[in-house]
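**Student:** Below: one structure in structure tokens.
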Amino acid sequence: MATTTAPRRILIVDDEQSICDVLTIALKKDGYQVSAETNPRKALELFQRERFDLVLQDLKMPEMDGIDLLREIKRLREDSIVVVMTAYSTWERAVEAMRLGAFHYIKKPFDNNTDIRAAVSRALRVKELGAQLTRSFDEAMQQMGILMGDSAAIREVRELVRRVAPTDSTVLIQGASGTGKELVARALHYGSPRAGKPFVAVNCGAIPEQLLESEVFGHVRGAFTGATADKVGLLETAGGGTFFLDEISEMPWALQVKFLRAIEEREFKPVGSSQTRTADVRFITATNRDLSAETKAARFRPDLYYRLNVISIIIPPLKDRRGDIPILAGYFLRKFSQEMGKPVRQFTAAAREALERHDWPGNVRELENAIQRAVALCDGEHIDAGDLNLEVSRLEPIRVEATSHLPEEGLDLDRTLAEIEVGYLKEALRRTGGNYTNAAQILRMSLRSLRYKLQKYGLDKDSY
């Protein structure tokens, strides 16, 4: 005898009867079994008595605060999936709801039910794909040695990634260069219902300012000189998946306004187009700067920062988790020995001491590169301290000789200052092995400013 699958059960909680009625009709047409309550206290009693697959609730209700209702639902059943509905004026409360574990938020008033139906469908996929997501997440975590370790700091990061991954929350990842921000973003993607869709990454500091808007949003033919055909932007390419913006602090101020609209409205317009397109993506951003300080210095829009910082994941530098260095070093040793087909098996005592003593300004990326280089150069089964050659990676303060003596015949000040600047640039590139991001950090400038100066003087990453 054939068996039938019971319809998914949804509980709607909104103090406006008209909204309850409209949503009930729309969701029933999609095959769901729906219950609706205008009184949140009665809804909570119903939630305690019966089992629901999803709760769709308002945040502003007179009988009971929507945040309190969410807290109670999560307290009773931590794995409950909750989608919140909120007016623009209660945006801060929507952010708070996401931090408390809400899966997604939908802005009110809504012109049609398409967004709600899509959000409900996507949220319910979390349960349907539960086992698959767990496997994908675990596999991704195992492949990302950058998140390995036993320190309290990295355990906290892993647990936060695990809890946040299945939601649609916007995430801001913060950490120094080389700590693994993009890998954390990928782990969030692989552990989400969007895992089967594209993961599109954009480095805001690596694309010239005049091209970044077109790369992100696309353009139509004739939008500007050279636009000979329509171009699909990366945001549209990521449709249904995850859109990751690295070095978000480098985004130009004018483009921040347009990106803010894309996050708030889930809509955007290609450059030169009057037609609005939808952005069905999860937004994840990352920065190696203190965005809060950037907003205070008027270099980053406060409203955009607030919308990006729904969930914050801060990755600690390697120097603050020294106990993890042996674990990470062992992982990279096994990885590269296998990839290169070499019988390198362990570190000598001197090598282990060197690894633990080093400051690792380049963080886990520097450690990974050091082990890869050592395995490639090693002729035996053991890596010694000399194979690591860590001294060359230490970033000591740059010293440039200067004098206040002005020659009697005078001097060309612009040329002299340019020569000093070129000296700094070359030395920074030498100390970082041509790594633009690390060089910019040493020189206390933005990545975009560094690129501008390198172009100005005709330098590149090999100029050192």
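**Student:** Count, please, the residues in segment 307-337 that happen to be free of Cβ contacts under 8 Å to residues at least 60 places away in the same chain, surrounded by 18 or more Cβ atoms within 10 Å (Cβ to Cβ) and over 14 Å from residue 366 (Cα atoms).
**Tutor:** Result for segment 307-337: 2.
**Student:** Further, regarding this structure: For segment 80-98, name all the residues that are within 21 Å of residue 313 (Cα to Cα) and either loosely packed, with under 14 Cβ neighbours inside 10 Å or outside the structural domain of residue 17 (by TED's automatic domain parsing) (or both).
**Tutor:** Across segment 80-98, the qualifying residue is only 92.
**Student:** Now for a separate question. Looking for whichever is assigned to a helix (DSSP H, G or I) and of a type outside the set (A, V, I, L, M, F, W, C) here; the options are 274, 337. Which one fits?
**Tutor:** 337 is the lone residue from the list that is assigned to a helix (DSSP H, G or I) and of a type outside the set (A, V, I, L, M, F, W, C).
**Student:** Report the residue count in segment 340-376 for those that are of a type in the set (D, E, K, R), part of a helix (DSSP H, G or I) and either in contact with a Cys (Cβ under 6 Å, 6 or more places away or on another chain) or in contact (Cβ under 8 Å) with a residue 24 or more places away in the chain (or both).
**Tutor:** Within segment 340-376, the first condition is being of a type in the set (D, E, K, R), and the residues that meet it are 342, 345, 352-353, 356-357, 359, 365-366, 368, 373.
With part of a helix (DSSP H, G or I) added as a condition, the list becomes 352-353, 356-357, 365-366, 368, 373.
Of the ones still in play, those that are also either in contact with a Cys (Cβ under 6 Å, 6 or more places away or on another chain) or in contact (Cβ under 8 Å) with a residue 24 or more places away in the chain (or both) are 352-353, 356, 365-366, 368.
Here the count works out to 6.
**Student:** If I ask for residues that are at pLDDT below 65 and among the aromatic types (Phe, Trp, Tyr), which ones from segment 101-147 would you list?
**Tutor:** 137
Residue-by-condition table, conditions (1) under 18 Å from residue 216 (Cβ atoms); (2) in contact with a strand residue (DSSP E or B) (Cβ under 9 Å, 6 or more places away or on another chain); (3) buried (at least 21 other Cβ atoms within 10 Å of the Cβ); (4) not assigned by TED's automatic domain parsing to the domain that holds residue 202:
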{"site": "278", "(1), (2), (3), (4)": "yes, yes, no, no"}
{"site": "283", "(1), (2), (3), (4)": "yes, yes, yes, no"}
{"site": "286", "(1), (2), (3), (4)": "yes, yes, yes, no"}
{"site": "359", "(1), (2), (3), (4)": "no, no, no, yes"}
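**Student:** Could you check residue 240 against (1) within 18 Å of the chain's Cα centre (by Cα); (2) at pLDDT below 90; (3) crowded, with 16+ Cβ neighbours inside 10 Å and say which number it fails?
**Tutor:** (3)
**Student:** A further question on this structure: What residue, of 46, 27, is more than 19 Å from residue 119 (Cβ to Cβ) and assigned by TED's automatic domain parsing to the domain that holds residue 96? Show your work before the answer.
**Tutor:** Values: 27 fails: more than 19 Å from residue 119 (Cβ to Cβ).
It is 46.
**Student:** Has segment 303-313 got any residue that is under 20 Å from the mean Cα position of the chain (by Cα) and in a loop (DSSP other than H, G, I, E, B)? Full working, then the answer.
**Tutor:** Of all residues in segment 303-313, those under 20 Å from the mean Cα position of the chain (by Cα) come to 303-313.
Narrowing the set further to residues that are in a loop (DSSP other than H, G, I, E, B) leaves 309-310.
Checked segment 303-313: at least one residue is under 20 Å from the mean Cα position of the chain (by Cα) and in a loop (DSSP other than H, G, I, E, B).
**Student:** All but one of (1) modelled with pLDDT under 80; (2) in contact with a helix residue (DSSP H, G or I) (Cβ under 9 Å, 6 or more places away or on another chain); (3) closer than 23 Å to residue 457 by Cα hold for residue 421; which doesn't?
**Tutor:** (1)
The values are calculated or read from the model by the stated rules, or taken from the named source; none is laboratory data. All figures in this text were calculated on a predicted structure; none of them were measured in a lab. Virtual Cβ from ideal backbone geometry, glycine too; neighbours counted across all protein chains shown.
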